[in-house]
Amino acid sequence: MLITPEKNIEVLGNGLYLSPEPANTFIEQLKNCHGQLDKIMADLNRHVILLVYFIDARTEKEYHALSATLEKIHLLNYRSPFSIVAQAPVDGTKVNVEVHHCCKRANPECKQFEGFNYCTFHYNNNKYLVSGGLQMKTKNSDLQGQSMESFRLVKGILNSEGMDFSHIFRQWNYIESITGTFSESQRYQIFNDVRSLFYNESDFIQGYPAATGIGMKTGGVIIDFLAAVHDQVWPVKNPEQVDAHKYSDEVLANNEFSDQLKSTTPKFERAKAIALEKDILMYISGTAAIKGQVSTAKNDAFQQTLETIDNIEQLTDIKNLTAHHIPVTDPSCIEPGSFKIYVKTADDLKRVRSAFESRFGKMNDVLYLIGDICRPELLMEIEGTYRLRKS
């Protein structure tokens with residue numbers, strides 16, 4: 001069981017990762033995670049606002065069977081939105097759980113849109129919205145159709161609360177066989193082009209969301225997101241990387257599948273910071289070994305991890321934060337919160353873990369998962385959060 005220290009939690013919290021005690025069955029492991037969760041939330045006086053279940057499902061049939069069981073048990077215990085992602089935990093268990101939570105004073109309200117759960121709450125005159133697990137329930141469609149349906153659901157939930165895509169500050173995009181091809185078109189490129197189609201409806205005055213686009217074994221397309229009507233939100237750039245939404249055609253893949261869509265850039269910022277009550281919470285997008293717009297350290301998982309951490313440290317450097325007008329002036333006010341680390345194959349796990357711990361030590365709030373990365377040559381990716389104490 002891994003838990004973010006209580007002293008760091010304000011309005012929003014995530015990076016609380018639960019792994020079950022040894023048990024024989026999937027149901028036993030799931031119930032063990034729920035038991036841990038209930039105790040922790042009671043101790044911390046928090047509300048659950050989104051649960052993300054990472055399960056070891058290798059086939060579509062296995063995924064649907066485990067999902068049906070998990071959904072039934074979840075809905076018996078919680079009203080929160082939830083997501084079920086086919087990314088195997090590396091600890092050998094059948095399920096790990098990521099918990100997003102908020103303070104009791106926020107008093108979140110759970111609602112539904114077309115059978116999908118979402119939460120809203122108000123805090124300090126700001127409105128927050130959280131949802132997850134937005135996917136096509138029937139898989140009788142290609143990836144473009146699945147992506148269109150997921151974004152339609154996101155749009156419907158946002159619009160029902162008087163919001164639009166520009167209010168999303170953190171988004172997770174889980175894509176089956178992310179670097180595979182369909183009709184000579186890369187699946188991630190198809191997803192990006194659908195995202196651009198929907199994002200073109202909004203003006204992103206506060207920048208695009210922080211985001212992760214990551215592969216999973218099966219499940220089509222799943223979107224989780226956090227949104228807010230909030231004045232103090234900052235997009236954060238990396239001085240050593242080209243903004244993903246400004247990539248040139250040189251690094252974009254082909255999309256020959258649809259005459260209506262052309263190859264477009266991935267619409268996300270390298271990071272997004274949002275002011276909370278006393279601190280600023282900075283969401284680091286899925287980050288890999290990319291300098292400029294080109295992948296580096298190919299076929300070397302250890303070196304890719306080090307270069308990925310370099311990119312994260314560039315983002316969170318005090319000079320970079322002050323250049324973005326984020327009110328932090330002391331490096332001691334910049335604290336890593338939690339990290340989620342995706343490894344393409346289990347064979348590279350030891351090297352990735354060794355490289356990460358050589359820079360961060362043995363942190364508690366780290367979750368390792370097996371998930372394909374958005375470029376074939378990339379072997380790992382890191383996302384995370386930082387707490388910035390206001391100066």
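Filter the stretch 290-305 down to the residues that are surrounded by 16 or more Cβ atoms within 10 Å (Cβ to Cβ), among the β-branched types (Val, Ile, Thr) and under 13 Å from Glu377 (Cβ atoms) and list them by number.
Once the filter is applied, which keeps residues that are surrounded by 16 or more Cβ atoms within 10 Å (Cβ to Cβ), among the β-branched types (Val, Ile, Thr) and under 13 Å from Glu377 (Cβ atoms), the stretch 290-305 yields Ile290, Thr296.
I'm trying to understand the selection: among the residues of the stretch 35-61, which are of a type outside the set (A, V, I, L, M) and without any contact (Cβ under 8 Å) to a residue 60 or more places away in the chain? Walk me through how you get there before you give the answer.
Here is the first cut: in the stretch 35-61, the residues of a type outside the set (A, V, I, L, M) are 35-36, 38-39, 43, 45-47, 53-54, 56, 58-61.
Result: Gly35, Gln36, Asp38, Lys39, Asp43, Asn45, Arg46, Tyr53, Asp56, Lys61.
Can you pull out the strands (runs of 3 or more DSSP E) entirely within the stretch 111-225 that have at least 2 residues that are closer than 18 Å to Ala244 by Cα?
By residue number, 168-176, 210-216.
When you look at Val229, is it of a type outside the set (Ser, Thr, Tyr), modelled with pLDDT under 95 and touching a Lys or Arg at 6+ places or on another chain (Cβ under 9 Å), yes or no?
Taking the combined requirement at face value, the residue does not satisfy it.
Within the stretch 275-296, work out how many residues are in contact (Cβ under 8 Å) with a residue 12 or more places away in the chain and in a loop (DSSP other than H, G, I, E, B).
Within the stretch 275-296, residues that are in contact (Cβ under 8 Å) with a residue 12 or more places away in the chain and in a loop (DSSP other than H, G, I, E, B) number 6.
Select from the stretch 357-375 the residues that are touching a strand residue (DSSP E or B) at 6+ places or on another chain (Cβ under 9 Å), more than 23 Å from Ala57 (Cβ to Cβ) and assigned to a loop (DSSP other than H, G, I, E, B) and list them in ascending order.
Met363, Asn364, Asp365, Arg375
Out of Tyr17, Tyr63, Tyr53, report the one residue that is part of a helix (DSSP H, G or I) and not aliphatic (A, V, I, L, M).
That would be Tyr63, the only listed residue that is part of a helix (DSSP H, G or I) and not aliphatic (A, V, I, L, M).
Has the stretch 341-356 got any residue that is more than 30 Å from Leu18 (Cβ to Cβ), out of contact with any Ser or Thr (no Cβ under 6 Å at 6 or more places or on another chain) and not in a strand (DSSP E or B)?
Scanning the stretch 341-356, I find no residue that is more than 30 Å from Leu18 (Cβ to Cβ), out of contact with any Ser or Thr (no Cβ under 6 Å at 6 or more places or on another chain) and not in a strand (DSSP E or B), so the answer is no.
Of all residues in the stretch 138-151 being without any contact (Cβ under 8 Å) to a residue 12 or more places away in the chain and not hydroxyl-bearing (Ser, Thr, Tyr), which is farthest from Ser67 (Cα to Cα)?
Within the stretch 138-151, the match that is farthest from Ser67 (Cα to Cα) is Gly145.
Which count do you get for residues in the stretch 257-276 that are acidic (Asp, Glu), over 18 Å from the mean Cα position of the chain (by Cα) and surrounded by 15 or more Cβ atoms within 10 Å (Cβ to Cβ)?
Step one: list which residues in the stretch 257-276 are acidic (Asp, Glu), which gives 259, 269.
So of that shortlist, the ones also over 18 Å from the mean Cα position of the chain (by Cα) come out as 259.
Those left that are additionally surrounded by 15 or more Cβ atoms within 10 Å (Cβ to Cβ): none.
Of the residues in that region, 0 qualify.
I'd like to know if the stretch 89-108 contains one or more residues that are crowded, with 21+ Cβ neighbours inside 10 Å, at pLDDT 95 or above, in a strand (DSSP E or B) and of a type in the set (D, E, K, R).
For the stretch 89-108, residues crowded, with 21+ Cβ neighbours inside 10 Å, at pLDDT 95 or above, in a strand (DSSP E or B) and of a type in the set (D, E, K, R): present.
Got a number for residues in the stretch 311-323 being buried (at least 16 other Cβ atoms within 10 Å of the Cβ) and without any contact (Cβ under 8 Å) to a residue 60 or more places away in the chain?
Within the stretch 311-323, residues that are buried (at least 16 other Cβ atoms within 10 Å of the Cβ) and without any contact (Cβ under 8 Å) to a residue 60 or more places away in the chain number 1.
Can you spot a residue in the stretch 315-335 that is under 25 Å from Gly92 (Cα atoms) and either part of a loop (DSSP other than H, G, I, E, B) or modelled with pLDDT of 95 or more (or both)?
Looking through the stretch 315-335, none of the residues is under 25 Å from Gly92 (Cα atoms) and either part of a loop (DSSP other than H, G, I, E, B) or modelled with pLDDT of 95 or more (or both).
Could you say whether any residue in the stretch 335-342 is under 21 Å from the mean Cα position of the chain (by Cα) and among the acidic types (Asp, Glu)?
Yes, the conditions are met somewhere in the stretch 335-342.
Of all residues being of a type outside the set (A, V, I, L, M, F, W, C) and either under 26 Å from Tyr283 (Cα atoms) or in contact with a strand residue (DSSP E or B) (Cβ under 6 Å, 6 or more places away or on another chain) (or both) in the stretch 15-33, which is surrounded by the most Cβ atoms within 10 Å (Cβ to Cβ)? Just the residue, please.
Out of the qualifying residues, it is Tyr17.
So which of Asp224, Asp203 ends up being of a type in the set (Asp, Glu) and within 23 Å of Leu50 (Cα to Cα)?
Just a single option satisfies the conditions, and that option is Asp224.
State the number of residues belonging to the stretch 324-365 that are among the small types (Gly, Ala, Ser) and surrounded by 14 or more Cβ atoms within 10 Å (Cβ to Cβ).
To start, the set of residues in the stretch 324-365 that are among the small types (Gly, Ala, Ser) comprises 332, 337-338, 346, 354-355, 358, 361.
Right, trim to surrounded by 14 or more Cβ atoms within 10 Å (Cβ to Cβ) and you get 337-338, 355.
Residues that pass the stated criteria total 3.
Filter the stretch 50-68 down to residues that are of a type in the set (Val, Ile, Thr) and over 14 Å from His34 (Cα atoms) and give me whichever is surrounded by the fewest Cβ atoms within 10 Å (Cβ to Cβ).
Thr59
The values are calculated or read from the model by the stated rules, or taken from the named source; none is laboratory data. For clarity, every value in this text was computed on a predicted model and none was experimentally measured. Note that each Cβ is placed from the backbone with ideal geometry, even for glycine, and that neighbours are counted across all protein chains shown.
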